[in-house]
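To start, the structure itself, in structure tokens.
The values are calculated or read from the model by the stated rules, or taken from the named source; none is laboratory data. These numbers were taken from a predicted model, which means no experiment stands behind them. Please note: Cβ atoms are built from the backbone with ideal geometry, for glycine as well, and neighbour counts cover all protein chains shown.
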């Protein structure tokens, strides 16, 4: 299989208007670009148009470093929010954990297999429990104990560390602390895994509550984190059947498999630049 | 395929204690019964033992009409709640609807195919919209318009009708009225279909709310109805993936398929005597 | 909810080449069209580009009856296979059945609910068993008994009947006969439901074979019918978990639910003009 | 949560006959045992009764080391095939791999989390590629290169190694060699993961063939290995939806998640003594 050539990816949304597809594809075509993947969605209620366009740089007449500047007036004229990415970029990630390791091992294992289009550069935790796992996979581990008094200053230091390493994405892989509102002012993108099919069982102990309620299906939800706990835009969800035979412990066990798969899918989709956040929802161009 | 012989089914739960399985199986064995299906569950937290035993009447030494009396002292000694059923019984059902027909057509179609171990004898509605469908399948239709003033007296009349027809089970197949607390004093068993994966989106307009929240999975829940709206014991649930491409109308369309399948499965399981209610949960012996 | 305006739908595939999206969207934009839904796919291995474009006729400058003629040179220049449809068209369908009714009742029920964008005008069967169901839903029923000697001439008559009613799509809803090669020379499009997750268990008695093999999942497959039995392009599939507790009869019962849902979804997708056949595969723009 | 007490597990099957449940439960009850989990299944076609009984050793009057001997005459009288296990046993496992690591990392990660009721003592491979992963998790790695000439003698050595370590279960976690018939004469139990929903796409390159066939669902199958390649008793299967948007590489990526989850579930069920092999099928008491 030949190595795929480098591609540019445009992720964009704008107020719906006639000619959007024509104008965007014209920009790429007139510069010699070959569109290899295009997807579009119109939310008629909200009057919003969204698109993802992927084209080959090979043969494209604009030098790579000028593409964003050359596209800017096109986007401005359409009152568009947009970003352009390149498929050979390797965004840097930090994984935040507490004491449970299944999501961390899974993500580090995928990095080991070359299945993550990015680089997990840091593991950060409020406990030291999982330090050996980070080390085993040769990823730097940083311990930031958190209590009520220290939370604000510790988060400040964590942000400094993230910036020092040019981290683009924080992945909360069973991090059992709530980030403070100030953290989000940093503009850092954060993905979390919640162990229920939200909006069912938001907050703590969803498996216990699922057991008590007697549901026949449990789930997991990966979402971007906002200041509103468990209310951010959902990226992916999945579910598993349970029955009266499943104890809370069985639900936890089955749930762990859901959690790690759903979180990894969300990280994958984000890094493939397939997720567009819009209002409190996502469009996943998959 | 030879016609299966008639079987007895014991559904029972009791405080957990040593020897329960031995005592129950001994009762059947000493009377010459051949157990063809046995399932059991112990809820260790609640200290509750539950079982479903199915044995052939063919060769059983107790005459069918005496079995319940002969079993009673065994059950009493174990402080057991129990019921015994026979697989050739045909319980009578009433289907309650409002204006949406997909669940009604589905259930009547299954009756037509001989796939329901019971007899749908009545269709009851607060509207006349679906009268032609009941008639088309040659099932009696009764119209009980409901408003705030008439609700109590209409429900009284409905209960009288149910009793006059020896109805054992009421199936709310998209009946968009809330039954009043008095109705439940009658002891009538009622199954409802709710168009969300409860406890997500209880109450009205779940698809609109699912759309607004941006969930990636929608669902349906069949449950026994109690006085606490949408809080009764869950019998079955199922889900379907949705994406940003699905409008509210698409969710309604996909949801209809979930609703009719999940409701029919719950009715099937109930009529097969596979559902044991216990606290606010069910054990489904499937 | 306001009635959606009429839209045109272009379904097309062509050898991949630069500028395809630009040229197609330019055609629509320069004639004042507003694209409300666009999807595209490139099969890099096969060098094939495929697209579905949907735009509003309201405000489109070309009169509806001229659109196909005006598009033809654009399509020719791109060596494109294409069709243009309008969302207010109501294609005519014939449902073919043998003795099992669950898929027929389901499809007729959907027509009753207004959920099919088309018109089921005929029910055709090699048996008389299901005539009462067609009549109950007030759809014309035609009986064509088939044996080896009569097969060819009966199919001829069936084709004449289809043509006389301008039938566009034949739906084999558990029609247990194999159509002869000559039938396909007519160019009629035919969708079939097979009761396995093809390519597992092609041919007869898939549930019996699934039971014997001890699979933990059963399925159903809706596909376009070609001369190669059970080998035509797959439109949709779905599955259901089974266990050792499921007898062959249980599998048949669970399978019926799969069959009717999967077949209905395939018919829906076809009538929404969301399915593009290409080689022996489909692209489903959903 | 208090530590659960040790329990005995009986897995058994026998020709169906009256009184089986009574006799088995009587044996446990008369020795003071408290049954905490009981499941039973009768295959009426084959005339086979199968059961799994789990009871607490705490309070059981027979000393643990005598239970098998005391049960033997009961089992013999019923012409029963049976095994008795204890929940504090830690069976030893060997994982066999070739070059793909996702299943290996997943299983070793579960061992690290304490989620496997057993002990992975060996990793065996025909390549050296994954040696660092075994070492990273501190599990002994053994390299047995295989070619046509050496296969027989290498398998001999592998069996010696397994016996020397008292290995009870071999897990083929993407081991891309076929074991020779002689290997199975050893009586070693072997679980394999196949990357398709068998019996679809047996043999090599199932994802390529799934892509070519245009299926809408891919799957994975965990099964006991017999001399008949890909034909052994199925323990578990799971599936994932795919579409035309998925390339072969996407299917491989989605399939890896299926493979590791399904294989881990099968190993879990085996070690929990929940799987009874019977003919070429399994009964999974879950």
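Based on what the data block shows, is residue B:222 within 12 Å of chain A (Cβ to nearest Cβ), touching a residue at least 12 places away in the same chain (Cβ under 8 Å) and farther than 20 Å from residue A:281 by Cα?
Working: within 12 Å of chain A (Cβ to nearest Cβ): yes; touching a residue at least 12 places away in the same chain (Cβ under 8 Å): yes; farther than 20 Å from residue A:281 by Cα: yes.
Yes, satisfied.
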Check your understanding: Is one or more of the residues making up the range C:39-47 part of a strand (DSSP E or B) and farther than 13 Å from residue A:35 by Cα?
Key -> no
Point to revise | Filter result (within 24 Å of the chain's Cα centre (by Cα) and more than 26 Å from residue C:114 (Cα to Cα)) within the range C:226-252 | key: C:226, C:227, C:228, C:229, C:230, C:231, C:232, C:233, C:239, C:240, C:252
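Which members of the range A:199-215 meet the condition of being at negative phi and either surrounded by fewer than 24 Cβ atoms within 10 Å (Cβ to Cβ) or not in a loop (DSSP other than H, G, I, E, B) (or both)?
Here is the first cut: in the range A:199-215, the residues at negative phi are A:199-200, A:202, A:204, A:206-213, A:215.
Matches in the range A:199-215: A:199, A:202, A:204, A:206, A:207, A:208, A:209, A:210, A:211, A:212, A:213.
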Check your understanding: Tell me, which residue of the range A:1-19 that is at pLDDT 90 or above and in contact with a helix residue (DSSP H, G or I) (Cβ under 9 Å, 6 or more places away or on another chain) is surrounded by the fewest Cβ atoms within 10 Å (Cβ to Cβ)?
Key -> A:6
Exercise for review: Collect the residues in the range B:70-82 that are assigned to a loop (DSSP other than H, G, I, E, B) and out of contact with any helix residue (DSSP H, G or I) (no Cβ under 9 Å at 6 or more places or on another chain), keeping them in residue-number order.
Suggested key: B:79
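Answer with yes or no whether residue C:174 is more than 8 Å from every other protein chain (Cβ to nearest Cβ) and crowded, with 18+ Cβ neighbours inside 10 Å. Steps first, please.
On the way: more than 8 Å from every other protein chain (Cβ to nearest Cβ): yes; crowded, with 18+ Cβ neighbours inside 10 Å: yes.
Taking the combined requirement at face value, the residue satisfies it.
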Practice item. Would you point out the residue of the range A:12-35, among those that are at the interface with another protein chain (Cβ under 7 Å from one of its Cβ atoms), at negative phi and not in a helix (DSSP H, G or I), that is nearest to the chain's Cα centre (by Cα)? Key: A:35
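Conditions (1) in contact (Cβ under 8 Å) with a residue 12 or more places away in the chain; (2) in contact with a helix residue (DSSP H, G or I) (Cβ under 7 Å, 6 or more places away or on another chain); (3) in a helix (DSSP H, G or I), marked per residue:
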site	(1), (2), (3)
D:231	yes, no, no
D:238	yes, yes, no
D:245	no, no, no
D:253	no, no, yes
D:256	yes, yes, yes
D:262	yes, no, yes
Practice item. Please go through the range B:177-198 and pick out each residue that is within 13 Å of another protein chain (Cβ to nearest Cβ) and either within 16 Å of the chain's Cα centre (by Cα) or at pLDDT 95 or above (or both). Key: B:194
Point to revise | Filtered residues of the range B:243-265 (kept if at the interface with chain A (Cβ under 10 Å from one of its Cβ atoms) and surrounded by 19 or more Cβ atoms within 10 Å (Cβ to Cβ)) | key: B:262
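Taking the residues in the range D:36-48 that are over 26 Å from residue A:246 (Cα atoms) and more than 8 Å from chain B (Cβ to nearest Cβ) as candidates, determine which candidate is modelled with the lowest pLDDT. First the steps, then the outcome.
From the range D:36-48, those over 26 Å from residue A:246 (Cα atoms) are D:44-48; that's our starting set.
From what is left, the residues that are more than 8 Å from chain B (Cβ to nearest Cβ) are D:45-48.
Details: D:45: 83, D:46: 86, D:47: 90, D:48: 92.
Among them, the one singled out is D:45.
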Practice item. Could you pull out the residue among C:61, C:93, C:57, C:122 that is within 14 Å of another protein chain (Cβ to nearest Cβ) and surrounded by 13 or more Cβ atoms within 10 Å (Cβ to Cβ)? Key: C:57
**Study point:** Residue list for the range B:230-286, restricted to those being modelled with pLDDT under 95 and at positive phi
**Key:** B:230, B:279
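For the range C:41-63, indicate whether the set of residues that are within 21 Å of the chain's Cα centre (by Cα) and without any contact (Cβ under 8 Å) to a residue 12 or more places away in the chain is non-empty.
Kept after step one, since they are within 21 Å of the chain's Cα centre (by Cα), are these residues of the range C:41-63: C:41, C:50-54.
In the following step, the residues that additionally are without any contact (Cβ under 8 Å) to a residue 12 or more places away in the chain were identified as none.
So far as the range C:41-63 goes, no, none of its residues is within 21 Å of the chain's Cα centre (by Cα) and without any contact (Cβ under 8 Å) to a residue 12 or more places away in the chain.
Residue by residue, here is whether (1) on the phi < 0 side of the Ramachandran plot; (2) exposed (fewer than 14 other Cβ atoms within 10 Å of the Cβ); (3) at pLDDT 95 or above; (4) not assigned by TED's automatic domain parsing to the domain that holds residue A:230 holds:
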| site | (1), (2), (3), (4) |
| --- | --- |
| A:68 | yes, no, yes, yes |
| A:72 | yes, yes, yes, yes |
| A:101 | yes, no, yes, no |
| A:117 | yes, no, no, no |
